[in-house]
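Visitor: The structure that follows is given in the form of structure tokens.
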């Protein structure tokens with residue numbers, strides 16, 4: 001039998017395990033022109049939370065009692081498709097199923113000899129592209145500028161900081177544990193890291209680590225952390241909004257200081273994006289990331305959880321900040 | 001004697017007449033290389049409110065017991081400067097004084113034969129440039145798109161709407177009286193106008209006048225009106241933040257719905273600006289505005305108040321929305 005994870009209930013506020021249902025079905029068979037895929041690695045990402053709501057959003061909502069989808073690396077175990085053969089590994093947006101068929105559309109072959117397979121969900125996948133293109137296309141860093149990254153210990157944040165350093169900027173990360181803060185300044189070469197859970201005054205902490213002001217704020221979290229950073233931005237600051245994990249589970253419209261006065265007085269630019277907005281830049285970005293990775297100039301962290309049944313818990317753990325870098329479930 | 005208007009007290013909240021002091025001094029005399037100017041028209045603008053605070057802002061604060069400055073058209077009554085002669089009119093950022101001397105720096109000669117002198121404070125001055133460049137450089141309108149303008153009956157708003165129409169867009173204005181709403185759809189050719197003071201549900205009013213969604217929101221006001229428009233923006237919306245008149249007199253940090261979720265899910269771009277940010281575009285913009293004005297394709301409204309002593313009251317009236325178009329004091 002073939003295990004499947006369905007959206008059982010639309011989460012209200014913080015998602016719970018009971019919002020998911022693990023069920024099973026027959027293993028499907030590949031028809032002509034199709035592949036049978038066996039799931040190897042599953043990416044769990046904060047943005048999936050938005051797709052669990054009924055609201056119209058930038059990506060379609062998941063349907064109730066239907067499988068969740070996310071970035072997945074799968075092995076081709078049977079192929080009736082000319083472009084793929086048994087033993088190939090592919091990357092794509094696939095269902096949370098142990099096995100599934102596909103007509104090959106939207107799948108990309110990935111090679112375990114070029115890089116670790118899971119890296120195609122991280123540094124060489126959407127995560128790396130999001131970090132690189134969000135920073136370079138929207139943040140537009142100039143050498144010597146100061147970048148602050150929130151959610152800095154997460155998948156995108158750890159990459160943004162390293163790219164910022166490679167581009168000659170000062171980088172300060174905001175994260176939620178001393179362990180992650182230490183990782184940022186050691187492994188990932190951030191100039192400073194602020195633990196927002198123990199620091200009593202984040203605004204002051206940003207000010208003291210960035211006395212020259214903040215030129216780019218790469219925002220993964222929204223909420224009060226962002227308020228604290230925005231209070232320290234320079235004229236002409238660029239503010240890529242990549243995520244808002246602190247707000248995804250709000251059940252009421254969250255209130256905060258109005259941003260227009262600061263956006264106005266600082267001639268700042270705040271721009272939201274999803275990586276699909278920048279798809280024409282993927283080939284060049286992938287080439288740059290691969291080159292940095294091969295030259296040892298950039299590294300990445302993964303938190304690997306094992307077992308298909310643990311996918312929902314791994315997803316829930318994102319909201320507790322339990323991941324260092326990319327959260328991946330190995331099947 | 002020469003009347004002068006000083007900043008008497010930094011306003012707390014809504015400015016009052018007692019925050020200003022009318023005093024007098026000797027009429028100064030022009031030294032070699034200087035001009036003696038006689039003030040003819042004074043521009044009063046909402047952004048001056050910010051300069052009355054002590055806070056560091058995008059333009060320097062006015063000093064206590066020193067004259068206020070704003071855009072002024074003045075007549076050269078005596079010249080000891082090679083570039084100017086008696087009888088010339090000039091435009092510049094000058095003191096609220098009946099007479100003053102200048103070394104000519106930052107002054108531009110304007111001609112009463114080419115256009116009404118007061119128009120150099122409005123459509124052919126900062127107002128027109130702000131409207132044109134804010135809309136075209138930050139709003140980047142494409143034919144057929146929908147533009148919403150707040151503060152639509154004000155100096156910048158009336159011009160933004162007309163330019164939007166000239167560029168082939170649909171334009172909806174939000175303003176504070178039925179009289180101004182009627183002016184927007186008649187004189188200024190807006191497609192729709194919403195009176196926010198009488199409309200019980202601005203969000204719904206924007207939705208019903210813009211069922212196709214809002215591509216550009218030209219924001220002069222901030223606050224709840226902006227919340228209502230932002231609830232109706234399309235994917236990739238552009239949000240030039242030109243002013244925030246509803247927030248200038250707040251004495252506490254104003255709270256509102258957090259913007260990051262909508263900026264993110266709509267891949268929207270919010271950018272604040274002051275016109276000085278775009279100064280390299282002034283010559284081309286002035287040429288375009290002059291051409292439209294001469295061809296009768298664009299018009300402008302002025303609310304002219306007479307008398308030097310009435311400058312402070314004219315400024316206060318801006319916050320009551322008493323102006324239609326540009327508020328100018330004729331001396």
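The values are calculated or read from the model by the stated rules, or taken from the named source; none is laboratory data. Everything quoted here is computed from the prediction, not taken from an experiment. Every residue, glycine among them, receives a Cβ derived from its backbone with ideal geometry; neighbour counts consider all protein chains shown.
Visitor: Would you confirm, using the coordinates I've provided, whether residue A:312 is under 16 Å from residue A:47 (Cα atoms) and more than 14 Å from the chain's Cα centre (by Cα)?
Guide: yes
Visitor: Among the residues of segment B:15-35, what is the count of those that are over 17 Å from residue B:62 (Cβ atoms) and surrounded by fewer than 21 Cβ atoms within 10 Å (Cβ to Cβ)? Before you say what the answer is, go through the steps one by one.
Guide: First, pick out the residues of segment B:15-35 that are over 17 Å from residue B:62 (Cβ atoms): B:24-35.
Now restrict to residues that are surrounded by fewer than 21 Cβ atoms within 10 Å (Cβ to Cβ): B:24-34.
Final tally of qualifying residues: 11.
Visitor: For residue B:104, only one of the following conditions fails: (1) at negative phi; (2) surrounded by 13 or more Cβ atoms within 10 Å (Cβ to Cβ). What is its number?
Guide: (1)
Visitor: Just one of A:231, A:244 is in contact with a helix residue (DSSP H, G or I) (Cβ under 7 Å, 6 or more places away or on another chain) and either surrounded by fewer than 21 Cβ atoms within 10 Å (Cβ to Cβ) or more than 27 Å from residue A:126 (Cβ to Cβ) (or both); which is it?
Guide: A:231
Visitor: Can you pull out every residue in segment A:193-229 that is touching a residue at least 60 places away in the same chain (Cβ under 8 Å) and either at positive phi or within 14 Å of chain B (Cβ to nearest Cβ) (or both)?
Guide: Passing the criteria: A:213, A:217, A:218, A:219, A:220, A:221, A:225, A:226, A:229.
Visitor: Still on this structure: Tally time: how many residues in segment B:131-144 are part of a loop (DSSP other than H, G, I, E, B), within 13 Å of residue B:165 (Cα to Cα) and touching a residue at least 40 places away in the same chain (Cβ under 8 Å)?
Guide: Narrowing segment B:131-144 to residues part of a loop (DSSP other than H, G, I, E, B): B:140-144.
Adding the requirement that they be within 13 Å of residue B:165 (Cα to Cα) leaves B:141-144.
Now drop any that are not touching a residue at least 40 places away in the same chain (Cβ under 8 Å), which leaves B:141-142.
Of the residues in that region, 2 qualify.
The rows are residues; the columns are (1) outside any loop (DSSP other than H, G, I, E, B); (2) under 19 Å from residue B:97 (Cβ atoms); (3) modelled with pLDDT of 95 or more.
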{"site": "B:12", "(1), (2), (3)": "no, no, no"}
{"site": "B:36", "(1), (2), (3)": "yes, yes, yes"}
{"site": "B:63", "(1), (2), (3)": "no, yes, no"}
{"site": "B:81", "(1), (2), (3)": "no, yes, yes"}
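Visitor: Which one is modelled with the lowest pLDDT, of the residues in segment A:246-278 that are more than 8 Å from chain B (Cβ to nearest Cβ) and within 16 Å of the chain's Cα centre (by Cα)?
Guide: A:248
Visitor: Quick one: would you say residue B:234 is more than 10 Å from chain A (Cβ to nearest Cβ) and modelled with pLDDT of 95 or more?
Guide: Here the answer is yes, as residue B:234 does meet what is asked.
Visitor: To continue, here is another question. Checking residue B:320 against (1) crowded, with 17+ Cβ neighbours inside 10 Å; (2) closer than 26 Å to residue B:183 by Cβ; (3) under 16 Å from the mean Cα position of the chain (by Cα), which single condition isn't satisfied?
Guide: Here residue B:320 clears every test but (1).
Visitor: I've got another one for you. Can you tell me which of A:147, A:163, A:123 is assigned to a helix (DSSP H, G or I) and either surrounded by 18 or more Cβ atoms within 10 Å (Cβ to Cβ) or out of contact with any helix residue (DSSP H, G or I) (no Cβ under 9 Å at 6 or more places or on another chain) (or both)?
Guide: A:163
Visitor: Quick one: which residue in A:101, A:29 is part of a strand (DSSP E or B), farther than 23 Å from residue A:151 by Cβ and in the same structural domain as residue A:314 (by TED's automatic domain parsing)?
Guide: A:101
Visitor: Is there a residue being on the phi < 0 side of the Ramachandran plot, assigned to a helix (DSSP H, G or I), over 17 Å from the mean Cα position of the chain (by Cα) and crowded, with 21+ Cβ neighbours inside 10 Å anywhere in segment A:168-183?
Guide: yes
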